[in-house]
Amino acid sequence: MTSFGGADMVDWNLAVATAQRLMRPGPEVSGDEAREIVAELRKHARSSEEHVRAFTRMYGEAPNNMGVPPAKSGGGTPVLIVDRVGWVKANVAGFREILKPLLGKMQDRRPGGLGGMALGTVGGKVTGVEVGMLLSFLASRVLGQYETFAPATRELPAGPLVPGPGEPRAGRLLLVAPNIVHVERELDVDPHDFRLWVCLHEETHRTQFTAVPWLRDHIEGEIQSFLGETEMDASTVIERIREAAQSFAGGPSKDARAEDEPDEGRSIVDFVQTPAQREILARLTAVMSLLEGHADYVMDGVGPDVVASVAEIREKFQQRRASGAGRLDQVLRKVLGLDAKLRQYKDGERFVRAVVDEVGMDGFNRVWTSPNTLPTKAEIAKPADWVARVHRRSDS
């Protein structure tokens, strides 16, 4: 747990226990089948690294190799094949790390004495249950993840916390085996092709973070800036949540009226942000659109050469992404902002494709030069503007 003066702002153990209790059961597989699936996913993760590296030219001897020699491929970060509980534990560890500064500020504003400790204990358990409920919903849907923030543990190892010169900080690639098996059965696609296809996407994320050493710290800095702008006044937060509830019930919110923006497509998260947070979130959205779109572009670019049924898999998977699992799933996705993540895949992939078509892969790879060469949210929508800005500056 994250403890402050004997009380906990978030009961992380309770979050894990809640998620585990509410979690959907995974697909039925025999012991032998499970071992075969794990072995195959490990094999595909290794082969995907070579495919992604060659396609993106983010490693190797080319001028745009990000300064990382072939011997450092993968950045020393492990590939972990986990179940749903393992994914929850890894993400709780990441949450604990990234939220430490915010929880510290909340602790400073909490009343002192026994009353404050009691409030912290009760609040920590309530928050722990809420976090656990959210994780239980997500745990059955995530196929893989490059986990960048959590420190290494005996159960969940990671890359070096103190890297060498030019190397990235800790990280690990998670592949959630039961979810991969569930989706391949649901889509009725070739399981071996689907597992390799998923590994190509997730390996691209590992390549992004291990080939671009500054990327992790940049994203963490943006997240900390976002959290640092959080309004600690409980009455203000409650007012914003009330406005959000009114908006979803059909009434206009103050934010929507003031900014003359439609509420359609906005999640409850959007309504509890300050103006400064919205600016930061716009930058984070652009970065995540780039990373997700790049992974989709690479997955499709490599796929035809190594995944025989890639066209069928892509079509069926896109239909699944768009439809959701049911009405409750669709509501939760809207409230939590997950529909916005789906748009990130599409917008980011269009950006990457347009830039590569215009200036080639090496020209696109200038996006990884520094935070200043990352696309803005507006440039994600208008790739030609990014090309004009970055290539005109660097070629002048």
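Where does each of 381-388, 352-359, 49-56, 85-92 land if you order them by average Cβ count within 10 Å, highest first?
85-92, 49-56, 352-359, 381-388
Would you kindly compute the Cα radius of gyration of the range 174-228 and its largest Cα-Cα separation (Dmax), both in Å?
15.9, 46
Go ahead and run the numbers for FRET between Lys382 and Val306, Cβ-Cβ distance against an R0 of 30 Å, rounding to 0.05.
My answer for the efficiency is 0.35.
Output the pairs from Lys89/Lys316; Lys89/Lys377; Lys100/Lys125; Lys316/Lys382 with a Cα-Cα distance over 24 Å in this structure; if there are none, say none.
Lys89/Lys316; Lys89/Lys377; Lys316/Lys382
Once both labels are modelled 7 Å past Cα along the beta-carbon direction, what's the Glu186-Glu36 spacing in nm?
According to this spin-label approximation, the distance is 2.3 nm.
Using 1/(1 + (r/R0)^6) with R0 = 25 angstrom and r between the beta carbons of Lys125 and Arg24, what's the FRET efficiency to the nearest 0.05?
Plugging the Cβ-Cβ distance into 1/(1 + (r/R0)^6) gives 0.60.
From the phi of every residue in the range 14-31, what ³J(HN,Hα) in whole Hz does the Karplus formula 6.51 cos²θ - 1.76 cosθ + 1.60 yield, where θ is phi - 60° and glycine or proline is x?
My calculation for the range 14-31 gives 5, 4, 5, 5, 5, 4, 5, 5, 8, 5, 5, x, x, x, 7, 9, 7, x Hz in order.
Once label points are set 7 Å from the Cα along Cα→Cβ at both Asn372 and Lys43, what is their separation, rounded to one decimal in nm?
The modelled label-to-label distance comes out at 4.8 nm.
Any read-out appearing in this document is the output of simple, stated calculations on the displayed coordinates, not a laboratory observation. Bear in mind that the values here come from a model prediction, so they are computed numbers and not experimental data. In this analysis, Cβ positions are derived from the backbone assuming ideal geometry, glycine residues included, and neighbour counts consider all displayed protein chains.
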